[in-house]
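Structure, as structure tokens:
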Amino acid sequence: MNQTIIDFLTRHGMHPDAVDMAACTRAFVGQMEAGNAGDVRDLLMIPTYIRLDGDLERGRPVIVMDAGGTNFRAAVVTFGADGRPVISSFSKRPMPGTQGELTAEEFLGAMADVLAPFEGVSDTVGFCFSFPTEILPDCDGRLIAFNKEVKVRGMDGRVLGESINAALTARGLTPKRFVILNDTVATMLGAVADFPERDFDSYVGFILGTGTNTCYVERCDRIGKLPGIHGGTMAVNIETGGFTGFPRGDFDRAFDATTANRGDHVYEKMISGAYLGPLLLLTAKGAAREGLFTPAGTDTILSLSELSMRDVDLFAADPDGDGLLAALLTDRGDRALLFDLMDAVFERAAKMVAVNLAAVLVAADKGRDPARPVCVSAEGTTFYKSVLFRPKLDAFVKSFVNGELGRYPEFVRAEDATLVGSAVAALLNR
């Protein structure tokens, strides 16, 4: 890295070396333990009431639904004699509430319409519902609020499965047993089904795309805020984007001040796809104002109104190529400086993600044997498609998580993870 960039980032608290991995891991573990005990600070540590004990029943079909910010998917999943999932009767439509505001009754009617063709197929629904929801002990869920531009009037506070069942009954259809889970938990459970032959020590779900989150498997007797539940294990949704234990630099704070949820999810704003482009642009403009680039390069960078992750990845893949940034920055020295700046921001992000995953393994006390690692089921465009991120994460996992902590994760990508994971949740929690 160019010394000028090193000095600039260090001066503003943005250099990757500002992240003390050992200290941040200890802080992360402490927050997890506090949250499980009921002393919630940064990490919500949401119990899902979804247990992973037991074997998947073969040959029993289960209805699955996946509600996201854009699409609504439904299907039937059946596990064959070999343990492999078979997906049938798949359908996809726009998420209700994305094409105009609905009333609660209209939304619930749309849910009943989706389920009507499955009458008599199964009495159980695994519902991956990617909106803020309080999971209840019976695995139903109480909607806190819709987001992601989904507009439904009067649904806040409603219990999802119970309300959908009322709509089914009104149509003369059979009520179902609902198991509600979010996309991170579904991603983790998808790996349980996708790798039946592997003897993993435990499982983790990790999302790094537009946003970020992590879930893991915890022993019920270690979740102190649930004193009435003993024995077995449960999936816990950590809500890791809210962690505040990583050191923030000048541009992190300046960028946070421009966001609608100022002061909230500050870790997510340092690493995820929705935020890295704007954070990089703000940092580059700071460097331009301090004279790091040529006059022409300074004018170019200061004139940019936005920077997408696509533009970042095109430039990172080939700073002398034909992407937007390469075309605008005519001086090769300017391009080299901007590349070093990006490289450092992604190195810092990779360092923080390695800490995130290390803390989960330490808190769960799993992954000590390299021959029996923890399965990390990962999803998200930033994790898989960012040119600079993944090689750096792998390096930090090897040097810190493996080398210093003696913990061993293995990253996998489960096929149709949310649909299959929803079926796993439903079958194991009937």
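The values are calculated or read from the model by the stated rules, or taken from the named source; none is laboratory data. Worth saying up front: this structure is predicted, and the values here are computed from it rather than measured. As a convention, Cβ positions derive from the backbone with ideal geometry for all residues, glycine included, and neighbour counts pool all protein chains shown.
Please work out if M270 is under 30 Å from C215 (Cα atoms), assigned by TED's automatic domain parsing to the domain that holds Q3, within 19 Å of the chain's Cα centre (by Cα) and of a type outside the set (D, E).
Numbers: under 30 Å from C215 (Cα atoms): yes; assigned by TED's automatic domain parsing to the domain that holds Q3: yes; within 19 Å of the chain's Cα centre (by Cα): yes; of a type outside the set (D, E): yes.
So M270 fits the description; yes.
Where residues in segment 386-415 are in a loop (DSSP other than H, G, I, E, B), out of contact with any Phe, Trp or Tyr (no Cβ under 9 Å at 6 or more places or on another chain) and not hydroxyl-bearing (S, T, Y), which of them is surrounded by the most Cβ atoms within 10 Å (Cβ to Cβ)? Step by step, filter segment 386-415, then rank; the result is R407.
Identify all residues within segment 65-85 that are among the acidic types (D, E) and part of a strand (DSSP E or B); write none if there are none. First the steps, then the outcome.
Our first condition is that a residue be among the acidic types (D, E); within segment 65-85, this holds for 66, 82.
The one that is among the acidic types (D, E) and part of a strand (DSSP E or B): D66.
Within segment 2-20, which residues are assigned to a helix (DSSP H, G or I) and surrounded by fewer than 19 Cβ atoms within 10 Å (Cβ to Cβ)? Before you say what the answer is, go through the steps one by one.
Here is the first cut: in segment 2-20, the ones assigned to a helix (DSSP H, G or I) are 3-11, 16-18.
The answer is Q3, T4, I6, D7, T10, R11, D17, A18.
Screening the candidates R41, R58 for the property of being under 20 Å from the mean Cα position of the chain (by Cα), surrounded by fewer than 16 Cβ atoms within 10 Å (Cβ to Cβ) and modelled with pLDDT under 95 yields one hit, R41.
Residue under question is G172, and the condition is that it be closer than 25 Å to C375 by Cα, small (G, A, S) and either surrounded by fewer than 22 Cβ atoms within 10 Å (Cβ to Cβ) or outside the structural domain of V86 (by TED's automatic domain parsing) (or both); does it hold? Against the criterion (closer than 25 Å to C375 by Cα, small (G, A, S) and either surrounded by fewer than 22 Cβ atoms within 10 Å (Cβ to Cβ) or outside the structural domain of V86 (by TED's automatic domain parsing) (or both)), G172 does not qualify.
Every condition in (1) crowded, with 18+ Cβ neighbours inside 10 Å; (2) in the same structural domain as Y408 (by TED's automatic domain parsing); (3) assigned to a loop (DSSP other than H, G, I, E, B); (4) not aromatic (F, W, Y) is met by S122 except one, and the failing one is (2). The listed residues are A296, A316, and the only one of them that is part of a helix (DSSP H, G or I), surrounded by fewer than 19 Cβ atoms within 10 Å (Cβ to Cβ) and aliphatic (A, V, I, L, M) turns out to be A296. The single condition from (1) surrounded by 15 or more Cβ atoms within 10 Å (Cβ to Cβ); (2) in the same structural domain as C128 (by TED's automatic domain parsing); (3) without any contact (Cβ under 8 Å) to a residue 60 or more places away in the chain that A81 fails is (1).
Within segment 248-264, track down each residue that is among the charged types (D, E, K, R) and either loosely packed, with under 11 Cβ neighbours inside 10 Å or part of a loop (DSSP other than H, G, I, E, B) (or both).
R248, R262, D264
Given the options L427, L338, name the one that is assigned to a helix (DSSP H, G or I), outside the structural domain of D199 (by TED's automatic domain parsing) and over 19 Å from the mean Cα position of the chain (by Cα). Outline the logic, then answer.
Values: L338 fails: outside the structural domain of D199 (by TED's automatic domain parsing).
Result: L427 is the single residue among L427, L338 that is assigned to a helix (DSSP H, G or I), outside the structural domain of D199 (by TED's automatic domain parsing) and over 19 Å from the mean Cα position of the chain (by Cα).
Run down G245, G291 and say which single residue is over 30 Å from G224 (Cα atoms) and either in the same structural domain as E134 (by TED's automatic domain parsing) or not in a helix (DSSP H, G or I) (or both). Talk me through it step by step, then tell me what you get.
On the way: G245 fails: over 30 Å from G224 (Cα atoms).
Only one candidate passes the filter, namely G291.
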